[in-house]
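**Q** Have a look at this one.
The values are calculated or read from the model by the stated rules, or taken from the named source; none is laboratory data. Just so it is clear, the structure is predicted and the values come from calculations on it, not from any experiment. Cβ placement follows ideal geometry from the backbone for every residue including glycine, while neighbour counts extend to all protein chains displayed.
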Amino acid sequence: MLTKAFIPYKGYYSSPFSRWQGSMANENAIVLGATTARKWLLANNFDPTMFDYMYYGITIAQHHMFYSHTWAAAMLVDNEKDLPALMVNQACTTSTTCIHLCAVNIEAGTYGTAFALMSDRCSNGPHTIWPNAMGPGAEVISENWMMDNFNSDPNAGLKMVQTAENVAKEIGTTKEECDAVTLRRYEQYQDALADDRAFQKRYMFPVEVRVSKKKTILVEEDEGVTPTTAEGLARLKPVEPGGVISFGAQTHPADGNCGFIVTTQDKAKELSKDPNVEIQIVSYGFSRTKRGYMAAAPVPASEMALKNAGLKIEDMKAIKTHNPFIVNDINMAKKMNFDVMNMNNYGCSMVYGHPQSPTAGRLIAELLEELVILGGGYGLWTGCAARETRVLL
């Protein structure tokens, strides 16, 4: 259990998420993430030089990724100081790991104020070549960094969707149930768009991207959200023969970035946009699950985080998940005995896309804003990373 790590209210942001091959497709995610974070800090009168350390999360290789963390740190502070940094790759839960690393070091007194910056670009992913001197004619091994790994876990030997189908079969869910919960998630996302996107504007910061040598545009809203109806979902066939998950019930690749300030209680009060709102990082959990059952991992990780905090699922005012497949939510709700329709209010990654590293961060920002609207209380975020899960409470 953590007792000393706090997040200032409004000390976090997420960019909109752009569809695959959309507006952010040609931006280096390292540069875009660092420059956007710096603009957000300055726009909110936060001093970029106040940080003692930075964790930089990225999962899909970009040009100069070798230097990603130190380069991003230098851009964040505009070379005004030396900001030590560390690169983190934890797949879908990278944001959670970065925030937790900030928190445990605040707890230990290693430093007083830290920044977690996460950015990724699924668009235009790299195609890598690996030496293969012992192969026939020394023919090289080629790899599409993203799609080859989405479609085959070298450990389980399965596509990601196939691991979700394994869990669906285990819990006995149906396509009809998957479609019903998927439609609910789309409706919840519409709540975030109400009143001229009032909810999203509580945490979302626009991104400036260059579309040509002479033209830049400001990306202010999500791109790539697919309009969803019950009739449309019913018409979609499962992706896998004999399965229950259609393309409508799973996420899509996207691009984006997000950032979090993590600090002491006193500093958080100083930086907070509302001194009456206090955000504390309470607990953290993790888990591995059996091979080929990725969607099952959020449950034991959540149970660990709750146990460490001395809390129960009934104590949670709000629950958010990274749900690459709707089965993740259905499995969690059934096994932890809560209403699947009352989680993931205001949106989720299944609807607005999954840029990998910043996905969890955006969801956590939404979780915090939902809790403020509800008048406070405990919130739980969880999500899968291959078949390992991280959870933040």
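**Q** Find the helices (runs of 4 or more DSSP H) located wholly in the range 294-381 whose residues include 3 or more that are over 21 Å from Leu2 (Cα atoms) and of a type in the set (A, V, I, L, M, F, W, C), and list them.
**A** In the range 294-381, the matching helices (runs of 4 or more DSSP H) lie at 326-336.
**Q** Looking only at residues that are assigned to a helix (DSSP H, G or I), of a type in the set (D, E, K, R) and under 23 Å from the mean Cα position of the chain (by Cα) in the range 146-178, which one is farthest from Ile319 (Cα to Cα)?
**A** Asp148
**Q** Related question: Restricting the range 182-224 to residues that are small (Gly, Ala, Ser) and without any contact (Cβ under 8 Å) to a residue 24 or more places away in the chain, which is farthest from Glu369 (Cα to Cα)?
**A** The extreme case among them is Ser212.
Residue by residue, here is whether (1) under 27 Å from Ala296 (Cβ atoms); (2) touching a Pro at 6+ places or on another chain (Cβ under 6 Å); (3) surrounded by 13 or more Cβ atoms within 10 Å (Cβ to Cβ) holds:
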{"residue": "Pro154", "(1), (2), (3)": "yes, no, no"}
{"residue": "Arg210", "(1), (2), (3)": "no, no, no"}
{"residue": "Lys215", "(1), (2), (3)": "no, no, no"}
{"residue": "Val239", "(1), (2), (3)": "yes, no, yes"}
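**Q** What strands (runs of 3 or more DSSP E) completely inside the range 1-119 contain at least 2 residues that are modelled with pLDDT of 95 or more, closer than 14 Å to Pro355 by Cβ and not aliphatic (A, V, I, L, M)?
**A** The strands (runs of 3 or more DSSP E) meeting that bar number zero.
**Q** Follow-up question, since we're still on this one. Can you tell me which of (1) under 30 Å from Ala198 (Cβ atoms); (2) of a type outside the set (Asp, Glu); (3) touching a helix residue (DSSP H, G or I) at 6+ places or on another chain (Cβ under 8 Å) is the one Ser68 doesn't meet?
**A** (1)
**Q** Hey, Asp222 hits all of (1) of a type in the set (Asp, Glu); (2) closer than 29 Å to Thr289 by Cβ; (3) buried (at least 19 other Cβ atoms within 10 Å of the Cβ) but one; which does it fall short on?
**A** (2)
**Q** Identify the residue in the range 169-203 that is surrounded by 14 or more Cβ atoms within 10 Å (Cβ to Cβ) and among the aliphatic types (A, V, I, L, M) and, among all such residues, is nearest to Asp339 (Cα to Cα).
**A** So the residue we want is Val181.
**Q** How many residues, within the range 120-145, are free of Cβ contacts under 8 Å to residues at least 60 places away in the same chain, in a loop (DSSP other than H, G, I, E, B) and within 20 Å of Asn28 (Cα to Cα)?
**A** Final tally of qualifying residues: 0.
**Q** Do we have Thr3 as touching a Gly at 6+ places or on another chain (Cβ under 8 Å), among the polar types (S, T, N, Q) and under 30 Å from Val277 (Cα atoms) here?
**A** no
**Q** Which condition number does Asn328 fail, the rest of (1) modelled with pLDDT of 95 or more; (2) over 23 Å from Met204 (Cβ atoms); (3) surrounded by fewer than 24 Cβ atoms within 10 Å (Cβ to Cβ) being met?
**A** (3)
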